[in-house]
Amino acid sequence: MKLKSFLLGVSLAAVSAFAATAESWKLAVTDVEGMERLQLEWGPFKEALEVATGDTFEFYVVNSRTAAAEALRGETVDFVVSGPAEYVVINKLTKATPLIGLGRPDYHCAIIVRADSGINVPADLVGRSVAFGDIGSTSNMLCPMQVLADHGVDPVNDIERIHTSRNIAFEALNNGDIDALGMNAGTFIGVRNGQTELPDGFYKMIARSGDLPNDMIMVGAHVPTEAAETVRNAVLESKAEVIAGITAHEENDKYVGMDLVAIEDSAYDYVRSMYSNAGYPQFDDFIGD
């Protein structure tokens, strides 16, 4: 009986020690509105996080990028899944930092024209119309504007800038109503391959960026450094399972083929340059909000 009592005591002590070290965190995703969508699209990721870390993660709904920043500043959310453009502003407002990069394959942007347009280099677009996607989008606005700037074209003053939906932009380009598109290169390839009524060589890419900085899991400035590093290390040690959780739902297909990597704030200096060249040098407010 004494041996059984001793073993029971050791077991209870181990359980108590584990319970004492486990943490409870709040988790948000910036581009997903509503708890139902969060559970459906990111539930498997949350479960994988809990298995990998031994901690508890509870979803926190944010209906805008501004709401995510306010939640971090108010310490009501601890970790946020977000994109590069959102991160740059959130970091400026809250001092949140990137913890783990979501390394998306083929994540870059391009400048697209019709092959018969006579436009061959970005400088040929001076004085012409260029369509971009959602205002504030990393790969559909900020990145292609940066590509123009990298080639000596001022994206604010040298072109006629248009913001419209992808389908309308392609129709306008096909009809010759605009001169170029600036957009996510992977999305362009998908749309191009789906337009079976057009010849394969109808479009051409006259410039592209390098691979863009990663989407990321960022951590609030209020979370102790040691705790954040513990989460990061546990996730990277179980990256296969965490990646499977992220890609479990088709809404996250853009992450298929991804890797998880440790990442630092300096990786996003290129995005800060994008803001400056787009006419927002302070990058302290969300473009389009």
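Every number in this text was worked out from the coordinates using simple rules, so none of it is lab data. Just so it is clear, the structure is predicted and the values come from calculations on it, not from any experiment. Here Cβ is always computed from backbone atoms with ideal geometry, including for glycine, and neighbour counts include all displayed protein chains.
When a footprinting reagent is the concern and you count Cβ atoms within 10 Å, what order do 165, 209 take, fewest first? Present the calculation step by step, with values, prior to reporting the outcome.
Details: 165 11, 209 19.
Going from least to most buried by this count: 165, 209.
Do you know the relative contact order of the chain, to the nearest whole percent, from alpha carbon pairs under 8 angstrom that are 6+ apart?
Rounded, it is 29 percent for the chain.
Could the peptides 137-146, 210-219 be put in order, highest first, of the mean number of other beta-carbon atoms found within 10 Å of their residues?
Highest-to-lowest ranking by the protection proxy: 137-146, 210-219.
Packing-wise, with mean Cβ within 10 Å as the measure, how do 31-43, 97-109 rank, highest first? It would help to have the intermediate numbers written out before the result.
On the way: 31-43: 15.5, 97-109: 20.3.
Listed from highest to lowest mean packing, they are 97-109, 31-43.
Once phi is turned into ³J(HN,Hα) by the Karplus curve 6.51 cos²θ - 1.76 cosθ + 1.60 with θ = phi - 60°, what whole-Hz value does each residue of segment 44-57 show in order, with x for glycine and proline?
Calculated HN-Hα couplings, in order: x, 5, 4, 5, 5, 4, 5, 5, 5, 9, x, 9, 9, 10 Hz.
What per residue convex hull volume, in Å³, do the alpha-carbon atoms of segment 120-273 yield? Can you show the working numbers first?
Details: hull volume 21.7 nm³, N = 154.
Expressed per residue, the convex hull around the Cα atoms of segment 120-273 is 141 Å³.
Give me the percent relative contact order of segment 109-208, please, defined on Cα pairs under 8 angstrom at least 6 residues apart.
Over segment 109-208, the number comes to 48 percent.
Find the Rg to Rh ratio for segment 109-208, where Rh is the Kirkwood radius over alpha-carbon pairs and Rg uses the same atoms. Walk me through the intermediate numbers first.
Working: Rg = 12.1 Å, Rh = 13.1 Å.
When Rh is taken as the Kirkwood radius, the ratio is 0.92.
If every alpha-carbon in the chain counts as one equal scatterer, what log10 I(q)/I(0) does Debye give at q = 0.08, 0.09 1/Å?
So the normalised log intensities work out to -0.41, -0.50.
Among DSSP beta bridges lying fully in segment 109-208, give the percent that are antiparallel, nearest 5.
Bridges in segment 109-208 that DSSP calls antiparallel: roughly 55 percent.
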